[in-house]
Amino acid sequence: MLVATRISLISSGTERQLIDLAKASLAGKAMARPDLVRRVMRNIQRDGLQPTIEKVFAKLDTPIPLGYSLAGEVLEVGRRVSGIAVGDRLACAGAGLANHAEINAIPKNLTVAIPSNVDDEDASFVTLGAIAMQGVRLAVPTLGERVVVMGLGLIGLLTVQLLKANGCRVLGFDPNAARVALARELGADVAVSDSLAEAVAGFTSGHGADAVILTASSKSSEPINVAAEISRLKGRIVVVGLVGMTIDREPFYKRELELKLSMSYGPGRGDPSYEQGGRLSLAICALDRAAQYGVVSRAYRDGKVTPKRLVTHRFAIAEAEKAYELMESGEPHLAILLTYPEPPTGPIERSIRRAPAPARSDGNRIAFIGFGNYAKASCCRR
């Protein structure tokens, strides 16, 4: 569908990481992403140095659109899409698809209808809600269990509310005292900014947490090892945030802990046949991402999760640069929303402006439609 954006959400943690990585030197990029360095080395062995270097620089020169969570209105519907009409309100997800842009082309499986009593601001949190929901599902919480949420950013605070809606007792932890106070307001039974081990001991009568959900972001492995130390025998740990993964074997072994890594939005993540092709596979048929989005939107509708409480700033899309300046400034913030003008009412104008034909030469001439990395690499080799 073509969707006219009404509200898009800046996920400051994710987008700040992208911006910092883009600004880093080549050495800084290599240190931040050693997995990509290993891939480059494999490509050098397979394809040779020069072709690999050309591909790397072509990739580095390619702009990356920002944004992955929005609410909007359908302008046009593809011929193989059913159940959606022009004018419908949709919550949309997907990096590189649900961009900070006035109009986006979104595959059906990355959308969900917005309930009539959910406003656009709440609906724009659909992706973050799905990420939080996937972490909660992997923890398999049951009524009355005591769950610790480590990291009270956007995902962590949504996780607190989802766990409370599930009938759990929740302890939240974050070094930021303001976020700790907000977690209490949003329903956390206990929230602390220090002395986590002592707080968990008191919260669980010395038994340890039934489950720990890590929604923090840190290069250090301390969060995951602290999670092990505060877990009970046969407890569960779910990693949602980007944290170091060098684990201390002893507490995991002695308590026979279960460790899971959450696949961000949930089933179907990273599967092109699902995301772009609209097909289900055996691996994701039980609860696909579209169904997960629906669960999240109903939680918003029923008031069990209140995303608007997390909004600290709003900017018009024409002033988007100010939003990113705010992120860079260090001023305290949580959710930042971008607002958009009313969607167009008439037909959408489409045009391709062709550059003037170059002067004739004696050599062969080749024209490219779609001048991406593959085409650039082909040109360079010629």
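The values are calculated or read from the model by the stated rules, or taken from the named source; none is laboratory data. Just so we're clear, the structure is a prediction, and the values are computed from it rather than from any experiment. Please note: Cβ atoms are built from the backbone with ideal geometry, for glycine as well, and neighbour counts cover all protein chains shown. In case anyone asks, the SASA skips ligands and DNA or RNA and just uses the protein heavy atoms, side chains included. Shrake-Rupley method; radii C 1.70, N 1.55, O 1.52, S 1.80 Å.
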Open item on the list: Within the range 231-266, take every residue that is of a type in the set (A, V, I, L, M) and over 20 Å from LEU157 (Cα atoms) and give me the one that is surrounded by the most Cβ atoms within 10 Å (Cβ to Cβ).
Closed with: LEU257
- [ ] Look through the range 58-83, keep the residues that are surrounded by fewer than 16 Cβ atoms within 10 Å (Cβ to Cβ) and hydrophobic (A, V, I, L, M, F, W, C), and return whichever of them is farthest from ALA30 (Cα to Cα).
- [x] VAL81
- [ ] Could you grab the pairs with beta carbons closer than 6 Å, sequence gap of 6+ or different chains, first residue in the range 122-138 and on the phi > 0 side of the Ramachandran plot, second one crowded, with 24+ Cβ neighbours inside 10 Å?
- [x] none
TODO: Tell me, yes or no, whether the range 351-374 has at least one residue that is basic (Lys, Arg), modelled with pLDDT under 90 and not in a loop (DSSP other than H, G, I, E, B).
DONE: no
Open item on the list: So, in the range 60-92, how many residues would count as being closer than 19 Å to VAL126 by Cβ, modelled with pLDDT under 90 and among the hydrophobic types (A, V, I, L, M, F, W, C)?
Closed with: 1
Open item on the list: Given the condition in contact with a Leu (Cβ under 8 Å, 6 or more places away or on another chain), modelled with pLDDT under 80, open to solvent by less than 100 Å² (accessible area, probe 1.4 Å) and among the charged types (D, E, K, R), answer yes or no: does some residue in the range 290-308 qualify?
Closed with: no
Open item on the list: Looking only at residues that are polar (S, T, N, Q) and more than 22 Å from the chain's Cα centre (by Cα) in the range 165-219, which one is surrounded by the most Cβ atoms within 10 Å (Cβ to Cβ)?
Closed with: THR204
Open item on the list: Restricting to the range 231-252, count the residues that are out of contact with any helix residue (DSSP H, G or I) (no Cβ under 6 Å at 6 or more places or on another chain), in contact (Cβ under 8 Å) with a residue 12 or more places away in the chain and among the charged types (D, E, K, R).
Closed with: 2
Task: Only listed residue being assigned to a helix (DSSP H, G or I), touching a helix residue (DSSP H, G or I) at 6+ places or on another chain (Cβ under 9 Å) and either closer than 20 Å to SER116 by Cα or open to solvent by 60 Å² or more (accessible area, probe 1.4 Å) (or both), chosen from LYS55, LYS29 - done: LYS55
TODO: List every residue pair whose Cβ atoms sit under 7 Å apart, with the two residues 6 or more apart in sequence or on different chains, where the first one lies in the range 181-204 and is of a type in the set (Ser, Thr, Tyr) and the second, anywhere, is part of a loop (DSSP other than H, G, I, E, B) and open to solvent by less than 40 Å² (accessible area, probe 1.4 Å).
DONE: SER193/ASP174
- [ ] Could you please let me know if GLY13 is under 25 Å from ALA299 (Cα atoms) and modelled with pLDDT under 80?
- [x] yes
TODO: Please tell me if ALA283 is part of a loop (DSSP other than H, G, I, E, B) and at pLDDT below 85.
DONE: yes
Open item on the list: Being surrounded by fewer than 16 Cβ atoms within 10 Å (Cβ to Cβ) and within 26 Å of THR306 (Cβ to Cβ) is the filter here; which residues of the range 84-96 pass it?
Closed with: none
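Test PRO344 against the criterion of being modelled with pLDDT of 85 or more, of a type outside the set (Gly, Ala, Ser), part of a loop (DSSP other than H, G, I, E, B) and open to solvent by 60 Å² or more (accessible area, probe 1.4 Å), and give yes or no.
Values: modelled with pLDDT of 85 or more: no; of a type outside the set (Gly, Ala, Ser): yes; part of a loop (DSSP other than H, G, I, E, B): yes; open to solvent by 60 Å² or more (accessible area, probe 1.4 Å): yes.
For PRO344, the condition - modelled with pLDDT of 85 or more, of a type outside the set (Gly, Ala, Ser), part of a loop (DSSP other than H, G, I, E, B) and open to solvent by 60 Å² or more (accessible area, probe 1.4 Å) - is not met.
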Open item on the list: Of the residues ASN99, ASN104, ASN117, only one is open to solvent by 60 Å² or more (accessible area, probe 1.4 Å) and not in a helix (DSSP H, G or I); which?
Closed with: ASN117
